[in-house]
Amino acid sequence: MSDVDHATTAGRDEQADLTNPRAERVRAVRALAGRSMRERQGRFLVEGPQGVREAVRHASDRVEALYLTPAAADRYAEIADDAARSGLVVRTGTPDVLDVMSADAQGVLAVVRTATASLDDVVAGRPRLVAVLSQVRDPGNAGAVIRAADAAGADAVVLTAGSVDLHNPKVVRSTAGSLFHLPVVVGTPLAEAVARLRAAGSSVLAADGVGDRDLDDLLDVAGTGPADAPDLAAATAWVLGNEAWGLHDEDRALADAVVRVPIHGRAESLNLATAATVCLYASARAQRRRAAGDGR
């Protein structure tokens with residue numbers, strides 16, 4: 001399937017409307033929900049207005065097709081406007097057509113060419129803050145961590161070998177468009193990712209409930225603490241483990257320190273995405289203080 005469409009003028013082409021849910025084009029788009037088809041085609045789905053808006057704004061050269069219902073085209077006119085400025089055509093389809101293409105599209109859908117970041121490029125940029133997800137299998141968690149990393153100002157996310165497919169539709173939806181804002185490296189073994197990031201100047205901290213370092217304590221002394229304490233104000237790669245079993249002993253041993261997020265209430269633990277957000281924001285806050293010249 002190749003749906004690359006270019007336009008020199010804005011506006012909806014009435015002749016291009018899709019009305020048959022059983023059309024070959026519709027079936028071809030729907031098939032991208034499956035991993036084997038995504039890998040074979042080198043394309044994936046972006047569902048919903050937020051993800052599609054960010055794909056058009058930040059990765060328009062990879063957008064192969066845009067589909068909106070007429071109602072969504074009116075409601076999200078800025079998507080069509082941005083598409084026109086990038087030389088892309090919006091094809092309209094009936095709600096039945098969009099529902100067959102994707103039950104989660106909310107009337108807005110894009111087909112985008114697959115592209116993942118290179119670890120070489122990430123380490124060459126001497127990153128200040130990176131999230132490393134080790135064998136994270138839950139697509140909602142993986143997407144939420146990518147979104148949190150973007151919000152915290154991280155430079156990259158690494159999904160190690162054995163993790164969920166980055167282009168799983170639920171991962172893409174859960175990033176809420178952040179997938180198009182920062183590099184995401186996939187398929188790198190954890191030991192290699194840790195070694196490369198450390199060589200690029202990052203301290204490697206493993207987030208785990210059994211950690212002997214307390215995140216609150218480290219944040220209190222960031223930038224001024226003892227030499228043997230991890231410095232959250234320094235370049236940091238946070239390693240976070242699988243939702244069910246966390247990090248294995250050998251994985252924790254790869255880190256410079258193992259840090260626990262303190263639980264002040266009666267909750268047994270935090271889920272992966274929440275713990276990742278807390279850790280990333282702690283580092284981001286400490287790094288901003290250092291950049292601003294605040295010694296605290």
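The values are calculated or read from the model by the stated rules, or taken from the named source; none is laboratory data. Just so it is clear, the structure is predicted and the values come from calculations on it, not from any experiment. In this analysis, Cβ positions are derived from the backbone assuming ideal geometry, glycine residues included, and neighbour counts consider all displayed protein chains. Quick note on the areas: whole protein, heavy atoms, side chains included, nothing else; ligands and nucleic acids left out. Shrake-Rupley method; radii C 1.70, N 1.55, O 1.52, S 1.80 Å.
Side notes on the structure shown:
- Heavy-atom accessible surface of the chain: percent carbon and sulfur, 1.4 Å: 46
- Solvent accessible area, Å² - W245, 1.4 Å probe, full protein context: 120
- Computed 3J(HN,Hα) for the stretch 87-94, one whole-Hz value per residue from the Karplus formula 6.51 cos²θ - 1.76 cosθ + 1.60 where θ = phi - 60°, is x, 10, 9, 8, 8, 9, x, 5, glycine and proline marked x.
- Modelled label positions at D81 and A124, each set 7 Å beyond Cα in the direction of Cβ, lie 3.7 nm from each other.
- Pairwise centroid distance, computed over Cα atoms, of the stretch 169-184 with the stretch 217-249, Å: 25
- Report summary: the helix-based calculation at 222 nm, which adds -39500 (n - 2.57) for every DSSP H run with n ≥ 4 and divides by the residues of the chain, gives -11000 deg cm²/dmol.
- Highest GNM mean-square fluctuation among R126, R62, R75, for the chain modelled with Cα contacts below 10 Å: R75.
- GNM result for the chain, Cα springs below 10 Å: residue of A71, A142, A105 fluctuating most strongly: A71
- Counted by Cβ distance under 12 Å from A191, the other residues give a net charge of -1, where Lys and Arg count +1 and Asp and Glu count -1.
- Ratio Rg/Rh, restricted to the stretch 149-281 and using Cα atoms, in which Rh is the Kirkwood radius: 0.95
- Modelled label positions at A253 and A229, each set 7 Å beyond Cα in the direction of Cβ, lie 2.8 nm from each other.
- Percent of Cα pairs exceeding the 24 Å cut-off, where the set is the chain: 54
- Between the amide H of V158 and those of A131, V132, L133, V185, distances stay under 5 Å, these residues lying 5 or more places away or on another chain, with hydrogens modeled in the peptide plane.
- Computed E for T116/D220 - FRET, C-beta separation, R0 41 angstrom, nearest 0.05: 0.65
- Against the chain, whose longest principal axis comes from its Cα atoms, helix 139-152 is set at around 70 degrees.
- Accessible area of the stretch 102-241 divided out per residue, in Å², using a probe of 1.4 angstrom: 35
- Highest mobility in the GNM of the chain, judged by mean-square fluctuation with C-alpha springs under 10 Å and restricted to V46, V29, V221, is found for V221.
- Alpha-carbon radius of gyration plus Dmax, which is the widest Cα pair, for the stretch 238-296 in Å: 13.8, 40
- Formal net charge of residues neighbouring R137 (Cβ-Cβ distance under 12 Å; K, R +1; D, E -1): -2
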